1. Against the conditions (1) modelled with pLDDT under 95; (2) within 14 Å of chain A (Cβ to nearest Cβ), where does B:R396 fall short? Just the number, please.
2. Of the residues A:L280, A:L301, only one is at pLDDT 95 or above and either under 16 Å from the mean Cα position of the chain (by Cα) or within 11 Å of chain B (Cβ to nearest Cβ) (or both); which?
3. Restricting the first residue to the stretch A:260-285 and requiring it to be free of Cβ contacts under 8 Å to residues at least 60 places away in the same chain and under 22 Å from A:P141 (Cβ atoms), which pairs with a second residue that is open to solvent by 10 Å² or more (accessible area, probe 1.4 Å) and assigned to a helix (DSSP H, G or I) meet a Cβ separation below 7 Å and a spacing of at least six or different chains?
4. Within the stretch B:534-551, can you find the residues that are at pLDDT below 95 and of a type outside the set (D, E, K, R)?
5. I'm trying to understand the selection: among the residues of the stretch B:185-202, which are open to solvent by 50 Å² or more (accessible area, probe 1.4 Å), assigned to a loop (DSSP other than H, G, I, E, B) and either in contact (Cβ under 8 Å) with a residue 60 or more places away in the chain or not hydrophobic (A, V, I, L, M, F, W, C) (or both)?
6. Search the stretch A:622-674 for residues being among the β-branched types (V, I, T) and within 12 Å of another protein chain (Cβ to nearest Cβ), and hand back the single one that is surrounded by the most Cβ atoms within 10 Å (Cβ to Cβ).
7. Can you name every residue in the stretch B:170-184 that is more than 14 Å from chain A (Cβ to nearest Cβ) and surrounded by fewer than 19 Cβ atoms within 10 Å (Cβ to Cβ)?
8. Can you name every residue in the stretch A:125-170 that is among the acidic types (D, E) and open to solvent by 30 Å² or more (accessible area, probe 1.4 Å)?
Amino acid sequence: MRRCRLSVAIILLGGIIFFNGSILSNQTEKKNQPFPIRSLEEIVSFLRSLASQNEKLARVIKIGESYGQRDLIVLELAAKEAPSARPPEERPAILVTANLEGLHFLGTEASCRLAGKLVEGYGKDKVMTEILNRRTVYIAPLLNPDAYATWTGSFKWERTANSRPVDEDNDGQIDEDGPEDLNHDGFITQMRVKDPEGTYITDPREPRLLRLADPRKGEKGIYKIYTEGIDNDGDGAINEDPPGSIEINRNFPHDFEYFVKTCGPFPASEPETQALLKFLASRRHIALILNFSTENTILNLQQTGQARAGADRVRLPRMYASMLGLEPDQEYTLKEIVEALRSSGMAGGMEITEEMVASFLGLGAAVSIDRQDLPILEAIQKEYKEGLNKAGLDYPERRARPVQKGSFVAYGYYQYGVPIFSVDIWNVPEPKKAGEKETLTPDRLKSMTPEEFISLGEDRINAFLKAIGAPASFQAASLFEMVKSGKLTPARLAEMMEKMPPRPALSEEEHPETYLLTWSDTALGGQGFINWTPFKHPTLGEVEIGGFIPGLKLLPPAGLAEKAIDFHLNFYLDLMRRVAEIEIQEIKATALSEGVYEINVYLTNPGWFPTSTAQGRRAMTSWPIRVKLNLNRDQDLFSGQPVTLIPFINGSGEVKKVTWTIRAKKGSRLKVEAFSPKLGKVVRFIILP
Amino acid sequence: MAKITQSNFIKSNFIRASLLLFFSSFLALSAAQTEIRLSFDHFYDHAELTQALRNLEKAYPQFMTLKSIGRSFQGRDIWGVILNNPKTGPAENKPGYYIDGNIHGNEIQGTEVALYAIWWLLTNYGRNELATRLLDEKVFYIVPTVNPDSRDVYIHQVSDPNSPRSGLMPYDEDRDGLADEDGPDDLDGDGSITMMRKKVPLGTGTHRLHPDDSRILVRVKPGEKGDYLLLGEEGIDNDGDGQINEDGPGGYDLNRNFGFNWQPEYVQRGAGDFPFCFPETAALRDFILAHPNIAGAQSFHNYGGMILRGPGAKNMGEYLPADRQVYDFVGRNGEKILPGYRYIVVYKDMYTVYGGTIDFIYNVLGAFTFSNELDQDPLEAQRPRPTREEESPDIRAMLGQVGRLEEMEYHDLVLLGEHFTPWKPYKHPLFGEIEIGGIKKFGRRVPPTFKLAETCHRNAAFCFYHADQLPRLEISKAEIKKISSSLYQLDLSVVNSRVTPSMSAVAIQNKLHRPDEVRLEGKKVKVIAAGYLIDEFRGLTRPLKIIKNRLLIENGVPGFGRINLRLLIEAEGRIEVVYDSLKGGLKRKSLALD
């Protein structure tokens, strides 16, 4: 098989050499400019100069230091001198966070650009001006500088941990065995070694890739795989205890995974985590968090708990069940229990919500998205998917990473209790597959004109080449060159195809990393994969070093990066405009009799998001709206509470009413105020008629 | 005045000097013998505690180190005491025992117990076999008061038996944008927050007076008519929001703020915004984590007379069986030292606690941790208290502030009225004519001062017992047999004569800390092969991996157990065998190979 394929390659290549003169005309070179990564120093100086040059809009806040003692910085943006502007800490705020994982460079870049965009756009662009006048935006582009810094070391290695030394192999020594760039190619890739105990074999369809041998199919393993390096501590394992090792994005307190070393010994054990948590706790006016990470929680709503989203059936304790006329042995949804409470009259006019029931029953920590919050998330998901598709940025949803246990986004929703979204900005796209009807066959090729052939497009031709088993370095681009210049015709290509041996069985499953190889080959000119090259290892003997380069999934070519960042910034800016607000729409004072008035206050939320998420109410971190009637000495309250709590108001102008009956003099003044930390405060006066 | 001649001058100075010398040597002698006399018949505020600790350090510098492990919210030093005899080894090479007290501001007597323990060990070194052995073989890490701010408020300012439990960082409990704006008020000026009651028309009340003692309010049964309302704690509506005393000083619980199985506020009240968000708990965290040799621990609370172990909550499962056996052994013997105290499990026999100290120390450090609830209700002490399942609602109802006759008798005849304010009329701005009275701050939960010393001694004795049960390792056998010119067989046995294993089951299972290791040191020593000797008659071993003359003993030495190892080594001259256990201590044995 192999030798036949080799001879085909030689024929094809020979043909090219003969007709073309240069084998590797790199069509893809211009698009391949790598996406530029700012250094740590550049990021810090960018933020600081943005602040110093725009003092009325921007301020740098240091919120802490990483384990490696690097500054953790948040940029505060608010137009302090806008007309009737409230101080930044009293406005609804949005927090934009990026790169808790350390290597999500796109996120850091996107959030830096967002800061620049907002500042530059103030006074010129309607949207930016409105946001900075009425809201505060906090932007934190780099919350894991230790991991980020490892990228500019002597070699590239995907390490998402901070720099706390951890004895990962529990042998009494700390950080004693890290990777080495043995072949000095600047990357930590993999080593494969032939070993009698080996469990891996090369993938038959794509020999660059390795997969586990399946003994049930009669396969016998050949290779063992290691990361590139040597056994520094002589314990038989390679690179099992590298420098540093706590993943900040697994160190948050919701659904924390205990006893896993990379998550940390306990939640919030790391200074980076603590700094962010302290910042959040001290800024209770943060109403929306927009995150950039390798997670895409808009596309993937899967949660870390076992339950599906919105599943919330509970059994009532006997005592309460009988009070409500429900069965103690039956499971009810929270919604059904709320209904039963309302109809039983036991609530006594107080508004009962599902979160109150959950809290009262001591249901423990929530692990699934609250059913009442789902519609908002699904609406945003729909908009996002449509937008991605239109922009040509979509990728298979199964590759969208959901929240992980102990992640920041999980904490943001379940404990901090606000709407929180995370996007990865870009993911390796799915290579386009030709449909069955359109499969290119030699016959079809023979009847095609060169123009028709070229119009099929690179992707289809690449897929076709792959399907016929052409060597990987043979790409559509080169073929097109030859066809355009007349050196090759589709018919000639068809003849060559017919001479080739049949390809291996198509029924075998494709290796799950094939799409990455395709991406490397087509978009990066093969630079995304280091071909397996022999190397003499000090203890393992003859090995081969190769594999995907670190950062392959994180660094698109510059052009694509621009497009993806642009799309996501616009999407996030739009979400920022939709933050909930509180307005006293109207105060109606009706005289019931001389000196007796009924006061009706109508409150509304002109934003799009509800004033709080259901989970935020359940977690008691999103507070109700306090509506207070301020009476002077000569005014008396007859009915109603001096301070009335409204649990929440939905968006898009829903109205809730609060009623009081008071005794007061005609013509006297009444003050009504409504307040909630994430909405700010509004005050209105009325003169009694 | 005598004329000062030269010879006079020299003579008088000589006399002065020798007198000085005599007295100073006398003083030096007495200083070594001077006991620091501390009395345990009163409660120490932070200033007095500080002075006592400083005096102890000055008198026993060879054993005691006093350091500030952090500052409380209001800036008081949180004192950490380390007791060790450096002549028998550095602290980090010995099993450590940890004690803290007074994490809840009103639960003050734990501080006196801790102080007593420090004082007793130091003053009895060289005179008492246990004190000497404990200071020689173990190291003590003691934080007498974790919450000095609230401690001082409790002692010197207005408070009640249950508060201030929290720290004093302002906390917006009623979520109105203001923090600590409506706490209790000492309306009658008696220094305590007592209760308010109001007589109302018959039939409109929820309580009635006890027929035999008008100081006691009894809740009416269905159908009964009441003529009293129990209005709650002394106070007024300071912020005009319709509620009284809903947002007092602080409002969180430091003993729910620890990082193991921490749950947010809506699941665990008082937990704070995130683990260790308060300066006091952060200081404890840093102190505890800095001493991973801590193998046993105690955290004092009040009250009820209990020796508690975790788990604090059901969701993480029960402790491992091997560890439970160690807890049972120590806990049950503890009941003999503390008659009336019950050895019970927090989540099962008490209530659920997420994020507590004892779960943290056990699950992060792998150290066996108890929490004693000091002092029982004096009336309960006289008769055994039913378990939670056995308690009827009636009995439970009686345990509230609405007291019992016997309690009143106790206050009158034993406490001599010191801790009870008789009900007296008061004109309340909202409620009108009411009465204020009830049990005062030292009248419950803390022992009366005449019983304090016993609480201190017995609980310190429990700590000493537990500390004495920490791993006690000895290289009991190190036999050399020559095989060939430079090859030797070395048989080693390490014995643990106490119940606590050198590695707890939770530490082994979850790899919480480095395993024990055997090291061979010497100029030309090389370990060729090594294994656990599993059959000494047949000479069978189970292999151990060798990493550069180190053997990892991954399961440590069991409680009341031993490990036997057999090694083949190449060596010349002298070798040193080292058994290095993080929590079991470091032991050495020197061997000559000839």
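1. Every condition holds for B:R396 apart from (2).
2. Every option except A:L280 fails the conditions.
3. A:A268/A:Q274
4. Within the stretch B:534-551, B:I534, B:F537, B:G539, B:L540, B:T541, B:P543, B:L544, B:I546, B:I547, B:N549 meet the criteria.
5. Residues satisfying the conditions are B:D188, B:G189, B:P201.
6. Here the residue is A:V627.
7. If the condition is that a residue be more than 14 Å from chain A (Cβ to nearest Cβ) and surrounded by fewer than 19 Cβ atoms within 10 Å (Cβ to Cβ), then B:D180 is the only one that fits.
8. A:D125, A:E130, A:E158, A:E168, A:D169
The values are calculated or read from the model by the stated rules, or taken from the named source; none is laboratory data. Bear in mind that the values here come from a model prediction, so they are computed numbers and not experimental data. When we count neighbours, we look across all protein chains shown, and the Cβ atoms used for this are built from the backbone with ideal geometry, even at glycine. Accessible surface areas use protein heavy atoms only, side chains included; no ligands, DNA or RNA. Shrake-Rupley method; radii C 1.70, N 1.55, O 1.52, S 1.80 Å.
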